[in-house]
Amino acid sequence: MTTSPLTRDIKALSGIFAISGALHLAKPEVYEPIVPSLVPAHREVVLASGVAELLCAAGLLHPRTRRVAGWASAALLLAVYPANIKMANDVKDSRRTGLKAAAFARLPLQLPMIRTALRAARG
(Lines give C-alpha, C1' and ligand atoms only; values in the text may rest on other atoms or scores of the structure.)
Protein backbone atom coordinates (compact mmCIF):
# COMPACT_ATOMS: atom_id res chain seq x y z
CA MET A 1 0.00 0.00 0.00
CA THR A 2 1.31 3.38 -0.98
CA THR A 3 0.80 6.37 1.25
CA SER A 4 -0.07 9.61 -0.47
CA PRO A 5 2.51 12.36 -0.02
CA LEU A 6 1.76 15.21 2.35
CA THR A 7 0.78 17.72 -0.32
CA ARG A 8 -0.22 21.32 0.16
CA ASP A 9 -3.92 20.51 -0.26
CA ILE A 10 -3.78 17.77 2.38
CA LYS A 11 -1.98 20.15 4.75
CA ALA A 12 -4.67 22.78 4.06
CA LEU A 13 -7.47 20.29 4.72
CA SER A 14 -5.76 19.31 7.96
CA GLY A 15 -5.55 22.97 8.97
CA ILE A 16 -9.20 23.59 8.14
CA PHE A 17 -10.20 20.58 10.24
CA ALA A 18 -7.97 21.69 13.13
CA ILE A 19 -9.44 25.19 13.22
CA SER A 20 -13.00 24.04 12.73
CA GLY A 21 -12.67 21.26 15.31
CA ALA A 22 -11.28 23.65 17.90
CA LEU A 23 -14.11 26.10 17.22
CA HIS A 24 -16.72 23.33 17.54
CA LEU A 25 -15.34 22.51 21.00
CA ALA A 26 -14.85 26.10 22.15
CA LYS A 27 -18.16 27.51 20.87
CA PRO A 28 -20.62 24.65 20.28
CA GLU A 29 -23.56 27.04 20.63
CA VAL A 30 -22.56 28.64 17.32
CA TYR A 31 -22.99 25.34 15.48
CA GLU A 32 -26.04 23.93 17.27
CA PRO A 33 -28.61 25.91 15.21
CA ILE A 34 -27.40 24.42 11.91
CA VAL A 35 -27.79 20.81 13.07
CA PRO A 36 -30.86 19.46 11.23
CA SER A 37 -33.84 19.04 13.54
CA LEU A 38 -34.10 15.29 12.92
CA VAL A 39 -30.67 14.84 14.53
CA PRO A 40 -31.00 14.38 18.31
CA ALA A 41 -28.66 15.80 20.96
CA HIS A 42 -27.40 18.81 19.01
CA ARG A 43 -24.69 19.81 21.48
CA GLU A 44 -23.30 16.30 21.72
CA VAL A 45 -23.26 15.96 17.92
CA VAL A 46 -21.45 19.29 17.57
CA LEU A 47 -18.87 18.28 20.18
CA ALA A 48 -18.40 14.84 18.61
CA SER A 49 -17.92 16.39 15.17
CA GLY A 50 -15.32 18.75 16.66
CA VAL A 51 -13.40 15.80 18.10
CA ALA A 52 -13.71 13.96 14.77
CA GLU A 53 -12.34 16.99 12.92
CA LEU A 54 -9.35 17.19 15.26
CA LEU A 55 -8.65 13.47 14.82
CA CYS A 56 -8.89 13.79 11.04
CA ALA A 57 -6.59 16.82 11.11
CA ALA A 58 -3.95 14.94 13.06
CA GLY A 59 -4.39 11.73 11.08
CA LEU A 60 -3.93 13.44 7.72
CA LEU A 61 -0.49 14.70 8.76
CA HIS A 62 1.08 11.33 9.56
CA PRO A 63 1.90 8.84 6.78
CA ARG A 64 0.82 5.81 8.84
CA THR A 65 -2.66 7.23 9.50
CA ARG A 66 -3.18 9.33 6.35
CA ARG A 67 -5.12 6.63 4.47
CA VAL A 68 -7.67 5.96 7.21
CA ALA A 69 -7.85 9.67 8.06
CA GLY A 70 -8.57 10.40 4.39
CA TRP A 71 -11.52 8.01 4.37
CA ALA A 72 -12.72 9.38 7.72
CA SER A 73 -12.36 12.95 6.45
CA ALA A 74 -14.40 12.23 3.32
CA ALA A 75 -17.09 10.54 5.42
CA LEU A 76 -17.14 13.43 7.89
CA LEU A 77 -17.46 16.02 5.12
CA LEU A 78 -20.37 14.08 3.64
CA ALA A 79 -21.98 13.66 7.07
CA VAL A 80 -21.93 17.40 7.84
CA TYR A 81 -23.13 18.45 4.38
CA PRO A 82 -26.81 18.46 5.47
CA ALA A 83 -25.92 21.01 8.17
CA ASN A 84 -24.30 23.21 5.51
CA ILE A 85 -27.43 22.94 3.35
CA LYS A 86 -29.58 23.82 6.37
CA MET A 87 -27.40 26.84 7.13
CA ALA A 88 -27.70 28.10 3.53
CA ASN A 89 -31.46 27.54 3.60
CA ASP A 90 -31.80 29.31 6.96
CA VAL A 91 -30.02 32.45 5.71
CA LYS A 92 -31.44 32.61 2.18
CA ASP A 93 -33.89 35.39 3.11
CA SER A 94 -31.45 37.21 5.37
CA ARG A 95 -30.29 40.75 4.69
CA ARG A 96 -26.84 39.79 5.96
CA THR A 97 -25.23 39.42 2.55
CA GLY A 98 -21.84 38.37 3.92
CA LEU A 99 -23.34 35.52 5.92
CA LYS A 100 -25.52 34.51 2.99
CA ALA A 101 -22.57 34.55 0.58
CA ALA A 102 -20.45 32.47 2.96
CA ALA A 103 -23.22 29.93 3.53
CA PHE A 104 -23.83 29.41 -0.18
CA ALA A 105 -20.15 29.52 -1.17
CA ARG A 106 -19.43 26.82 1.37
CA LEU A 107 -21.60 24.29 -0.48
CA PRO A 108 -19.52 23.89 -3.67
CA LEU A 109 -16.24 24.52 -1.81
CA GLN A 110 -16.77 21.33 0.12
CA LEU A 111 -16.36 19.29 -3.08
CA PRO A 112 -12.61 19.97 -3.47
CA MET A 113 -12.21 19.18 0.22
CA ILE A 114 -13.85 15.79 -0.34
CA ARG A 115 -11.65 15.23 -3.39
CA THR A 116 -8.54 15.99 -1.31
CA ALA A 117 -9.68 13.61 1.44
CA LEU A 118 -10.22 10.86 -1.13
CA ARG A 119 -6.78 11.49 -2.64
CA ALA A 120 -5.28 11.06 0.84
CA ALA A 121 -7.31 7.89 1.34
CA ARG A 122 -6.34 6.30 -1.94
CA GLY A 123 -2.64 6.93 -1.59
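The values are calculated or read from the model by the stated rules, or taken from the named source; none is laboratory data. Model, not experiment: these values are computed from the prediction. Quick reminder, even Gly has a Cβ in these numbers, built from the backbone with ideal geometry, and neighbours come from all protein chains shown. The protein model used for the area step is the full one, side chains on, heavy atoms only, and it has no ligands, DNA or RNA in it. Shrake-Rupley method; radii C 1.70, N 1.55, O 1.52, S 1.80 Å.
Residues that are of a type in the set (Val, Ile, Thr), in contact (Cβ under 8 Å) with a residue 40 or more places away in the chain and closer than 28 Å to Arg119 by Cα: does the range 13-23 have at least one?
Just the residues of the range 13-23 that are of a type in the set (Val, Ile, Thr), to begin with: 16, 19.
Applying the additional criterion that residues be in contact (Cβ under 8 Å) with a residue 40 or more places away in the chain yields 16.
Those still in the list that are closer than 28 Å to Arg119 by Cα too: 16.
Checked against the condition, which is being of a type in the set (Val, Ile, Thr), in contact (Cβ under 8 Å) with a residue 40 or more places away in the chain and closer than 28 Å to Arg119 by Cα, the range 13-23 yields at least one hit.
When you go through Arg43, Arg66 one by one, which is the residue that is touching a Leu at 6+ places or on another chain (Cβ under 7 Å) and at pLDDT 95 or above?
Details: Arg43 fails: touching a Leu at 6+ places or on another chain (Cβ under 7 Å).
Going through Arg43, Arg66 in turn, the sole match is Arg66.
So for the range 35-57 (the condition being among the small types (Gly, Ala, Ser), touching a residue at least 40 places away in the same chain (Cβ under 8 Å) and on the phi < 0 side of the Ramachandran plot), does at least one residue qualify? Before the answer, list the steps.
Taking the range 35-57 and keeping what is among the small types (Gly, Ala, Ser), we get 37, 41, 48-50, 52, 57.
After this cut, where a residue has to be touching a residue at least 40 places away in the same chain (Cβ under 8 Å) as well, the list is 57.
Still in the running and on the phi < 0 side of the Ramachandran plot: 57.
Yes, the range 35-57 contains a residue that is among the small types (Gly, Ala, Ser), touching a residue at least 40 places away in the same chain (Cβ under 8 Å) and on the phi < 0 side of the Ramachandran plot.
Find the residue count for the range 86-99, including only residues that are surrounded by fewer than 16 Cβ atoms within 10 Å (Cβ to Cβ) and without any contact (Cβ under 8 Å) to a residue 24 or more places away in the chain.
At the first step, the residues of the range 86-99 found to be surrounded by fewer than 16 Cβ atoms within 10 Å (Cβ to Cβ) are 89-90, 92-99.
Retained after the next criterion (residues that are without any contact (Cβ under 8 Å) to a residue 24 or more places away in the chain): 89, 92-99.
So the count comes out to 9.
Working only within the range 101-123, note down all residues that are free of Cβ contacts under 8 Å to residues at least 12 places away in the same chain and either touching a Phe, Trp or Tyr at 6+ places or on another chain (Cβ under 8 Å) or more than 12 Å from Leu77 (Cβ to Cβ) (or both).
Hits for the range 101-123 are Ala101, Ala102, Ala105, Pro108.
Yes or no, residue by residue, for (1) of a type in the set (A, V, I, L, M, F, W, C); (2) open to solvent by 80 Å² or more (accessible area, probe 1.4 Å):
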position: Ser20; (1), (2): no, no
position: Leu38; (1), (2): yes, yes
position: Gly59; (1), (2): no, no
position: Arg66; (1), (2): no, no
position: Ala74; (1), (2): yes, no
position: Leu77; (1), (2): yes, no
position: Ala117; (1), (2): yes, no
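Looking at the structure I just gave you, is Glu32 within 21 Å of Ala103 (Cα to Cα), open to solvent by 30 Å² or more (accessible area, probe 1.4 Å) and touching a residue at least 12 places away in the same chain (Cβ under 8 Å)?
Numbers: within 21 Å of Ala103 (Cα to Cα): yes; open to solvent by 30 Å² or more (accessible area, probe 1.4 Å): yes; touching a residue at least 12 places away in the same chain (Cβ under 8 Å): yes.
Yes: the conditions hold for Glu32.
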